[in-house]
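Step one of this worksheet: look at the structure below.
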Amino acid sequence: MKTHFQDKSTVEDIRKRFDNDVDRFSSLDTGQVSTVDAPLAMELITQAAVSSTTDIKRVLDIGCGAGNNTLKLLQYASPFDCDLVDLSQPMLDRAHTRIAAANSGEIRTFQGDFRMLDLPDQRYDIILAAAVLHHLRDDQDWENVFHKIYRLTAPGGSVWITDLVSHETKQVQKMMWDRYGAYLCSIGGEEYKNNVFSYTDKEDSPRSVTYQLDLLRKVGFDHVELLHKNSCFAAFGAIKRV
């Protein structure tokens, strides 16, 4: 990433882009086509959630987009109450409509920055965070958010993350970024790759899988799991002691 933190997109900039991209994110199969192995990662985090936390009463979906991950979870779990968080109101509206058609539980929506929202402590049996945490910036920002996620997780609950990740060394980072560029070219050509690279550099500040697994442990989670990693994307999670 070439753009420094102070020059990255603001929360408002990111919201505006997603306001105009609702239709693209409204498919379980193609909603994240720019993400390597997105369908597999979504499958893995939802199955891991059900396997690790069997009594699911309330779910928090951070950066829910059009609701794909909660919908996938509903394929494996009984109806549950869910709180949906997103910067984009159009995304939330679409997510609510789609999830309500598949779920008899209570659905609440929260439009805004997760970091600023007042949500109930120790209430969520499952927390999902898909393609959202890479928008965090410095170390303190990351640590604050992971502390908040831990605080919101119910005893025996778990958090499951899929996201863009960086790497520990420049050599491996370049190699993986080149592989990702080749993947983007294979599905949309050079112009598509350049477009994705441009908004990624402007908006995102990903951290490595090892950084995030260590941080999950640091804030208090008892067990961490790496489910899958391919190129610059990973699926992983953590479980809180009962």
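On the stretch given as region 198-242, residues that are among the hydroxyl-bearing types (Ser, Thr, Tyr) and over 18 Å from the mean Cα position of the chain (by Cα) total 1.
If you check Glu143 against the conditions, is it over 19 Å from the mean Cα position of the chain (by Cα) and open to solvent by 10 Å² or more (accessible area, probe 1.4 Å)? The answer is no for Glu143. Only one of the listed residues (Gly220, Gly237, Gly189) is open to solvent by less than 60 Å² (accessible area, probe 1.4 Å) and farther than 19 Å from Leu133 by Cβ. That residue is Gly189.
Counting only residues that are hydroxyl-bearing (Ser, Thr, Tyr), surrounded by 16 or more Cβ atoms within 10 Å (Cβ to Cβ) and not in a loop (DSSP other than H, G, I, E, B), region 192-210 holds 2 of them. When you scan region 160-179, do you find a residue that is of a type in the set (Val, Ile, Thr), more than 26 Å from Asn68 (Cβ to Cβ) and open to solvent by 10 Å² or more (accessible area, probe 1.4 Å), even just one? Yes, region 160-179 has at least one match.
The values are calculated or read from the model by the stated rules, or taken from the named source; none is laboratory data. Remember, it's a predicted structure, so these values are computed and weren't measured experimentally. Methodologically, a virtual Cβ is constructed for each residue, glycine included, from the backbone with ideal geometry; neighbour enumeration extends over all protein chains shown. Heads up: the accessible areas ignore ligands, DNA and RNA and are worked out on the full protein's heavy atoms, side chains in. Shrake-Rupley method; radii C 1.70, N 1.55, O 1.52, S 1.80 Å.
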